[in-house]
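Peer 1: Quick one: this structure, given as structure tokens, is what I'll be asking you about.
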Amino acid sequence: ADELNFDVVIIGGGPGGYNAAIRAGQLGLKTAIVESRGILGGTCLNVGCMPSKALLHASELFEATTTEFASIGIEVPAPKLNLVQMMKSKQDSVTALTKGVEFLMKKNKVTYFIGKGSIAAAGKVTVTANDGSSQSLTTKNIVIATGSEPTPLPGVPVDQKTIVDSTGALSLPAVPKSLVVIGAGIIGLELGSVWRRLGAQVTVVEFLDRITPGMDTELATAFRRSLEKQGITFKLGTKVTGAVPGAKGVELTLEPSAGGAAEKLSADVVLVAIGRRPFTHGLGLDTVGVATDPRGFIPTNHFKTSAPGVWAIGDVILGPMLAHKAEEDAVACIELIAGKAGHVDYNLVPSVVYTAPEVAWVGQTEDQVKASGIAYKTGKFPFMANSRAKINHETDGFVKFIADAKTDKVLGVHMMGPQAGELIGEACVLMAFSGASEDLARVCHPHPTRSEAVRQAAMGVEGWTMQA
Ligand code: FAD
Ligand code: NAI
């Protein structure tokens, strides 16, 4: 029937899928979105970005009542944690957001199918509902946006009770006395921060001899010190070789990454956060010959897979596994499908860690610039010397600009500090316009704001820093 015949069928309702659907609807393509979870929004809205940010916000306020309030003259009795209410508030926010996405599908005339999508043949997608009934859709284009799932760690099986992945860690029924996080990446440090603020003793075990690989080394070192000051313990250069769950938590066996004597570490709860892997299970990639690489990612060329008429976007393809990157992929892919000039600059996808202080960056790290052989200059400015940060007692951190020594073109901006995730937007715009440090250094910024620290760091490249 005509109602099951589309220009584009999108499989997966996360930030990749739903943004693709909206753009396709806007461009007048007859569009369907297929999502098996029964709720739109994908990992990000349901068990990722949004619930983690809700808990980060709530736990930061909770901690402030004991660490900050008295010193600024607010005396309150010792706070009492109502974890049930905190989780409910988180879930209410998530539900409001997922309903919003559902509304956007209607508004853009996108047909939403609840069920598991699989590719049955070229231009054919089967939707299988939970009750086993199925529908067959025909389409000119298929967009795979099935996202990713946590990477399992052999020997440390997730039961979502004492050994959890990020999904379990977003819904623990009680604050564990001790939490061991395996992996000093973004998930481990964000969720480790949440539970430390709510009262857990947090130890992070990391295979490498540094935290947050991918982050500028100078920034990562400052970030580790900041988290240590807050009470998080790091065991770097250490691997977990086994886990024995028992009635009273989990006993882990650790070894130095380079080999050596084993030691034991016990914890009430263990969070496995060693990365995510692409999810394509049951999608029927073989029926039309969509190739995957050895790690399971779908290789693409301008979002085209190896099978004609099949496109892929988001976490399931290479590149940073971030919601805003999935969104960029989505818009560009649909514009290409519609015969327009879709494009993503992967060098300008910003990263943010939503801890306190926040860490944010865009462009190349100093190590990458060094390795490229380009002569470069840096400009740095500490939040300690920023008046707004000082007034708000949020002085931990700094902003660093890296610019081409000859042309002054900005190559990377790295920062740790209050609202760094918001401040990085300014660097994204500057770099998208191929801006120089001097361009930003000459722009009037409002006083007193944290954004002045960004300008001062750009001025630092020119040797003009005024305030430090
Ligand atoms: P997903 O969001 O994973 O969506 C894929 C959807 O496809 C899922 O809903 C799945 O149910 C569905 N699906 C899969 N197979 C099928 C099928 N065969 N049929 C029908 N449906 C199917 N990123 C950020 O940018 N900022 C953050 O702050 C952030 N925080 C995060 C915190 C956590 C704890 C986690 C786990 C991730 C976080 N991320 C964050 C990463 C972000 O969630 C992902 O990059 C993003 O969700 C990827 O979008 P996607 O559309 O590619 O895939
Ligand atoms: P990650 O890739 O950020 O970090 C994983 C860490 O685990 C690395 O430091 C790695 O060296 C370490 N590791 C790997 N194997 C190990 C082992 N066997 N033992 C000990 N350590 C080991 O992955 P993470 O934190 O799981 O997050 C997955 C992805 O989700 C992120 O890469 C990011 O794309 C996304 N995300 C983004 C957020 C944001 O933008 N704020 C928040 C949370 C997740």
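Throughout, read-outs are computed from the coordinates displayed, never taken from laboratory work. Since we're looking at a predicted model, the values are computed, not measured. Here Cβ is always computed from backbone atoms with ideal geometry, including for glycine, and neighbour counts include all displayed protein chains.
Peer 1: Collect the residues in the stretch 198-222 that are in contact (Cβ under 8 Å) with a residue 40 or more places away in the chain, within 12 Å of ligand 2 (Cβ to nearest atom) and within 23 Å of THR395 (Cα to Cα), keeping them in residue-number order.
Peer 2: Scanning the stretch 198-222 gives THR212, MET215.
Peer 1: Give the residues of the stretch 192-207 that are polar (S, T, N, Q) and within 15 Å of ligand 1 (Cβ to nearest atom), sorted by residue number. So that I can check it myself, show each step before the final result.
Peer 2: Start the filter on the stretch 192-207 by keeping residues that are polar (S, T, N, Q), which leaves 193, 201, 203.
Scanning the stretch 192-207 gives a single hit, SER193.
Peer 1: Residues being among the aliphatic types (A, V, I, L, M) and closer than 15 Å to VAL410 by Cα: count how many of those fall in the stretch 444-468. Break it down into steps so the answer makes sense when it comes.
Peer 2: Taking the stretch 444-468 first, the residues among the aliphatic types (A, V, I, L, M) are 453-454, 457-459, 461, 466, 468.
Checking which are closer than 15 Å to VAL410 by Cα leaves us with 454, 457-459, 461.
Residues flagged as among the aliphatic types (A, V, I, L, M) and closer than 15 Å to VAL410 by Cα within the stretch 444-468 amount to 5.
Peer 1: Going by the conditions given, is PHE297 among the aromatic types (Phe, Trp, Tyr), under 23 Å from SER148 (Cβ atoms), touching a residue at least 12 places away in the same chain (Cβ under 8 Å) and more than 16 Å from ligand 1 (Cβ to nearest atom)?
Peer 2: Details: among the aromatic types (Phe, Trp, Tyr): yes; under 23 Å from SER148 (Cβ atoms): yes; touching a residue at least 12 places away in the same chain (Cβ under 8 Å): yes; more than 16 Å from ligand 1 (Cβ to nearest atom): no.
No.
Peer 1: Now for a different question. Filter the stretch 240-286 down to the residues that are within 12 Å of ligand 2 (Cβ to nearest atom) and assigned to a loop (DSSP other than H, G, I, E, B), then identify the one that is farthest from GLY188 (Cα to Cα).
Peer 2: Within the stretch 240-286, the match that is farthest from GLY188 (Cα to Cα) is SER257.
Peer 1: A follow-up question, please. Counting only residues that are under 30 Å from GLY282 (Cα atoms) and buried (at least 17 other Cβ atoms within 10 Å of the Cβ), how many does the stretch 65-96 have?
Peer 2: Within the stretch 65-96, residues that are under 30 Å from GLY282 (Cα atoms) and buried (at least 17 other Cβ atoms within 10 Å of the Cβ) number 1.
Peer 1: Then there's this: List the residue pairs whose Cβ atoms are under 6 Å apart, where the first residue sits in the stretch 265-290 and is crowded, with 21+ Cβ neighbours inside 10 Å, the second is assigned to a helix (DSSP H, G or I), and the two are 6 or more positions apart or on different chains.
Peer 2: Final answer for the pair search is LEU271/ALA169; ALA273/ILE187; ALA273/GLY188; PRO278/VAL316.
Peer 1: Mind checking which residues of the stretch 325-349 are touching a strand residue (DSSP E or B) at 6+ places or on another chain (Cβ under 9 Å), within 13 Å of ligand 1 (Cβ to nearest atom) and under 22 Å from GLU426 (Cα atoms)?
Peer 2: ASP329, VAL349 - these are the residues of the stretch 325-349 that are touching a strand residue (DSSP E or B) at 6+ places or on another chain (Cβ under 9 Å), within 13 Å of ligand 1 (Cβ to nearest atom) and under 22 Å from GLU426 (Cα atoms).
Peer 1: LEU219: part of a strand (DSSP E or B), surrounded by 15 or more Cβ atoms within 10 Å (Cβ to Cβ) and touching a strand residue (DSSP E or B) at 6+ places or on another chain (Cβ under 6 Å), yes or no?
Peer 2: Numbers: part of a strand (DSSP E or B): no; surrounded by 15 or more Cβ atoms within 10 Å (Cβ to Cβ): yes; touching a strand residue (DSSP E or B) at 6+ places or on another chain (Cβ under 6 Å): yes.
No; evaluated as a whole, the condition is false for this residue.
Peer 1: Also: Among the candidates ALA96, ALA122, which residue alone is more than 16 Å from ligand 2 (Cβ to nearest atom), out of contact with any Phe, Trp or Tyr (no Cβ under 8 Å at 6 or more places or on another chain) and touching a residue at least 40 places away in the same chain (Cβ under 8 Å)? Even if it seems obvious, please write down each step before you answer.
Peer 2: On the way: ALA96 fails: touching a residue at least 40 places away in the same chain (Cβ under 8 Å).
Among ALA96, ALA122, only ALA122 is more than 16 Å from ligand 2 (Cβ to nearest atom), out of contact with any Phe, Trp or Tyr (no Cβ under 8 Å at 6 or more places or on another chain) and touching a residue at least 40 places away in the same chain (Cβ under 8 Å).
Peer 1: Follow-up. Give me the helices (runs of 4 or more DSSP H) completely within the stretch 1-69, filtered to those with at least 3 residues that are away from ligand 2 (no atom under 16 Å from the Cβ) and of a type outside the set (Val, Ile, Thr), ordered by residue number. Break it down into steps so the answer makes sense when it comes.
Peer 2: Numbers: elements: 15-26, 42-47, 49-67.
Passing ranges, in order: 15-26, 49-67.
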